[in-house]
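Colleague: Quick one: this structure, given as structure tokens, is what I'll be asking you about.
The values are calculated or read from the model by the stated rules, or taken from the named source; none is laboratory data. Predicted model, so just to flag it, every value in this text is computed and none were measured. In this analysis, Cβ positions are derived from the backbone assuming ideal geometry, glycine residues included, and neighbour counts consider all displayed protein chains.
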Amino acid sequence: MRLALALFLNISMSLQLSTSELQTAQDLLRDYGPAQPGIASLTQHNGDLEISLEELVVEAAGTAVYGDARKKLRQVFMRNLRREICGDEGLLSKVEEYNKGPGKAVALTGLIVYVIDLVTFPVNPAIATVVVLWLLKVGIRTFCDYTEPDEGMEL
């Protein structure tokens with residue numbers, strides 16, 4: 001029971017970057033201007049990856065989205081993002097390679113650009129920054145499992 005609770009708490013907390021993880025991302029990406037809106041959103045939301053991603057997606061939609069429309073936009077975005085990211089072995093290998101030697105600004109920026117190029121729908125660098133930091137935080141497989149819709153339910 002204690003182990004199950006610890007695992008649950010760890011997964012729950014993993015959707016938020018720690019202060020040190022956010023500081024590391026800020027330091028690594030300080031010279032990459034396109035990532036700054038993503039970093040600013042993460043800072044504003046205390047490293048919360050889901051809230052930051054949703055905010056950036058809604059902002060990129062170019063219109064005010066409220067209530068159910070906002071939820072639907074998030075669901076569609078996450079479903080499409082999951083479909084494209086989770087099926088790409090190249091991204092998996094790049095994330096694994098980065099994790100072997102984290103802390104290289106060029107490699108982190110390269111992952112962001114790879115995600116931008118990978119997805120077929122428009123994703124700006126701020127959104128890609130949050131997605132990449134999420135993937136690095138929990139891993140692609142965990143991201144894919146977490147974002148997989150439950151049977152009979154939408155994301």
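Colleague: Residues in the range 121-130: is at least one over 27 Å from GLN23 (Cα atoms), exposed (fewer than 15 other Cβ atoms within 10 Å of the Cβ) and not polar (S, T, N, Q)? Outline the logic, then answer.
Modeller: Within the range 121-130, the subset over 27 Å from GLN23 (Cα atoms) is 121-122.
Next, from what is left, pick out any that are exposed (fewer than 15 other Cβ atoms within 10 Å of the Cβ): 121-122.
This time we only want the ones that are not polar (S, T, N, Q), so: 121-122.
Among the residues of the range 121-130, at least one is over 27 Å from GLN23 (Cα atoms), exposed (fewer than 15 other Cβ atoms within 10 Å of the Cβ) and not polar (S, T, N, Q), which makes the answer yes.
Colleague: Taking the condition of being in a helix (DSSP H, G or I), of a type outside the set (A, V, I, L, M) and touching a residue at least 60 places away in the same chain (Cβ under 8 Å), how many residues in the range 87-128 meet it?
Modeller: Residues flagged as in a helix (DSSP H, G or I), of a type outside the set (A, V, I, L, M) and touching a residue at least 60 places away in the same chain (Cβ under 8 Å) within the range 87-128 amount to 2.
Colleague: Continuing with the same structure: Just give me the residues in the range 51-71 being modelled with pLDDT of 80 or more and not small (Gly, Ala, Ser), in sequence order.
Modeller: Correct list: ILE51, LEU53, GLU54, GLU55, LEU56, VAL57, VAL58, GLU59.
Colleague: Count, please, the residues in the range 129-142 that happen to be part of a loop (DSSP other than H, G, I, E, B) and modelled with pLDDT of 90 or more.
Modeller: Of the residues in that region, 0 qualify.
Colleague: Tally time: how many residues in the range 16-41 are buried (at least 17 other Cβ atoms within 10 Å of the Cβ) and part of a loop (DSSP other than H, G, I, E, B)?
Modeller: Final tally of qualifying residues: 2.
Colleague: Further question: Might you let me know whether the range 56-78 holds any residue that is in a loop (DSSP other than H, G, I, E, B) and of a type in the set (Phe, Trp, Tyr)?
Modeller: Yes, some residue in the range 56-78 is in a loop (DSSP other than H, G, I, E, B) and of a type in the set (Phe, Trp, Tyr).
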